[in-house]
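Engineer: Please see the structure below; I have some questions.
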């Protein structure tokens, strides 16, 4: 059970840091809101556009938010301390992954509410399906995002590099969730996309922790 | 060195023959006219880009497993060449599309996936260049290449199904059967550019080796 | 035919420039190695 304790410790540390600095988290939510307002205004707020605006905004907000996952390690040089603790680096991955899942889920809930209001979408009637789709997508984004948060830890211009790295790699998740959200709102299923995101999520969860250990090596 | 010069000479020869067949000896297409000749450089460029990608991934995986510098030289070289040839594939594809379909860009799945591939290559190079130190840069680039390689098939099918599940597929290049001289031109092009790629790769690996020991000294 | 010439031209120019730059960088790198080995030789 020690492994689970370590994972939980990392998760609660990251979430606590986010909560303490929640002004910055609020700023991230504001940016996401701005993206939605902007897109909605420029492209028109027909209900049909809602899933696209939602997931594009989600992708860009994730790009902004994910570097924050390793912000403490960068700023306070907490990385050496973190790595000194006994236990596999994989536990650090899972801890941060869970923290990111929670943060992205909160973000998604906020964005769904906003989009529902601005685009006049009946979210409540399709809530279970939307929640399922959302979780599916968040898991994929968080799996890749945690790895990339580690990658940009030791790199200059980390905030600039994140979109270049994340958006191409996370494209299947964004595209898939977009179509699945459309389908959920229309009350039908889209098996193909479930398989796509399922494969993506599974592969990411298998491969990223291993690669994360490589990324966290001291030089 | 001898082998490298031979390879370079062979590549040049193939390219010359390929250019002749592609530009002069082969007939124009029934539908596209003369513009089909662009295909004889576009498709080989895309082919080389994907071969380079495969080499990058294999070399990256080997480097992470064994940590021998030579694998990193290969991965770095293949990534740099991949950027060049992916860029060329996108540009030639765009130039091909303009007169044939009247548009600089189509959201054809292959073009979009190639564009995404360009960004993955670029990401790997940037991560390598912007990292704290070269060794870490090599490791991070390897990680990006590997995760990219695993993702590209998923990306490709995502793009295909994103557009075509709801609307019929647009015209895709090279779907129709080809007349023999045109097929010959295409195959010659593939051979020529593969030889060129092999030559450039050996050259670039030599450069990587020279630059590395230079720094260490 | 202009488009064809443009495509072939871009490929030709890009690859030629790249090959030439590779050769140049290789010359500089081997020269740098030569200089550094000279230094260590003269230090002895």
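Engineer: List pairs: first residue in region A:208-219 and at the interface with another protein chain (Cβ under 9 Å from one of its Cβ atoms), second residue not in a helix (DSSP H, G or I) anywhere in the structure, Cβ distance under 8 angstrom, at least six positions apart or on different chains.
Structural biologist: A:219/B:132; A:219/B:133
Engineer: Within region B:43-76, which residues are surrounded by 19 or more Cβ atoms within 10 Å (Cβ to Cβ) and either over 16 Å from residue B:145 (Cβ atoms) or at the interface with chain C (Cβ under 10 Å from one of its Cβ atoms) (or both)?
Structural biologist: Those that are surrounded by 19 or more Cβ atoms within 10 Å (Cβ to Cβ) and either over 16 Å from residue B:145 (Cβ atoms) or at the interface with chain C (Cβ under 10 Å from one of its Cβ atoms) (or both): B:43, B:44, B:45, B:46, B:48.
Engineer: Are there helices (runs of 4 or more DSSP H) fully within region A:88-183 with at least 1 residues that are within 14 Å of another protein chain (Cβ to nearest Cβ), at pLDDT below 90 and under 20 Å from residue A:30 (Cβ atoms)? List them. Steps first, please.
Structural biologist: On the way: elements: A:89-118, A:127-151, A:158-169.
Counting at least 1 such residues, we get A:158-169.
Engineer: Same structure, new question: Sort through B:195, B:184, B:208 and tell me the only one that's part of a helix (DSSP H, G or I), closer than 17 Å to residue B:70 by Cα, modelled with pLDDT of 70 or more and more than 7 Å from every other protein chain (Cβ to nearest Cβ). Give the steps one after another, and end with the answer.
Structural biologist: Details: B:195 fails: closer than 17 Å to residue B:70 by Cα; B:184 fails: closer than 17 Å to residue B:70 by Cα.
When all the criteria are applied, what remains is B:208.
Engineer: Could you list, in sequence order, all residues of region A:135-165 that are within 26 Å of residue A:182 (Cα to Cα) and surrounded by fewer than 24 Cβ atoms within 10 Å (Cβ to Cβ)?
Structural biologist: Scanning region A:135-165 gives A:135, A:136, A:139, A:163.
Engineer: A further question follows. For region A:74-99, what are the residues that are surrounded by 22 or more Cβ atoms within 10 Å (Cβ to Cβ) and farther than 15 Å from residue A:212 by Cα?
Structural biologist: Matches in region A:74-99: A:99 only.
Engineer: Also: In region B:130-168, how many residues are in contact with a strand residue (DSSP E or B) (Cβ under 9 Å, 6 or more places away or on another chain) and part of a helix (DSSP H, G or I)?
Structural biologist: First, the residues of region B:130-168 that are in contact with a strand residue (DSSP E or B) (Cβ under 9 Å, 6 or more places away or on another chain): B:130-132, B:136-141.
Imposing the further condition that a residue be part of a helix (DSSP H, G or I) reduces the set to B:130, B:136-141.
Residues in region B:130-168 being in contact with a strand residue (DSSP E or B) (Cβ under 9 Å, 6 or more places away or on another chain) and part of a helix (DSSP H, G or I): 7 in total.
Engineer: Take the residues in region B:96-115 that are under 13 Å from the mean Cα position of the chain (by Cα) and in contact (Cβ under 8 Å) with a residue 40 or more places away in the chain, then tell me which one is nearest to residue C:17 (Cα to Cα).
Structural biologist: Here is the first cut: in region B:96-115, the residues under 13 Å from the mean Cα position of the chain (by Cα) are B:110-111, B:113-115.
Narrowing further to those that are in contact (Cβ under 8 Å) with a residue 40 or more places away in the chain: B:110, B:113-114.
Working: B:110: 27, B:113: 26, B:114: 23 Å.
Ranking the candidates gives B:114 first.
Engineer: A further question on this structure: List every residue pair whose Cβ atoms sit under 7 Å apart, with the two residues 6 or more apart in sequence or on different chains, where the first one lies in region B:116-132 and is on the phi > 0 side of the Ramachandran plot and the second, anywhere, is surrounded by fewer than 24 Cβ atoms within 10 Å (Cβ to Cβ) and at pLDDT 90 or above.
Structural biologist: Here the result reads none, with nothing in region B:116-132 linked to a residue that is surrounded by fewer than 24 Cβ atoms within 10 Å (Cβ to Cβ) and at pLDDT 90 or above.
Engineer: Out of (1) buried (at least 22 other Cβ atoms within 10 Å of the Cβ); (2) over 16 Å from the mean Cα position of the chain (by Cα); (3) away from chain A (no Cβ under 14 Å), the odd one out for residue B:93 is which?
Structural biologist: With (1) buried (at least 22 other Cβ atoms within 10 Å of the Cβ); (2) over 16 Å from the mean Cα position of the chain (by Cα); (3) away from chain A (no Cβ under 14 Å) applied to residue B:93, the lone miss is (2).
The values are calculated or read from the model by the stated rules, or taken from the named source; none is laboratory data. Owing to the predicted nature of the structure, the values given are computational and were not obtained by experimental measurement. Note that each Cβ is placed from the backbone with ideal geometry, even for glycine, and that neighbours are counted across all protein chains shown.
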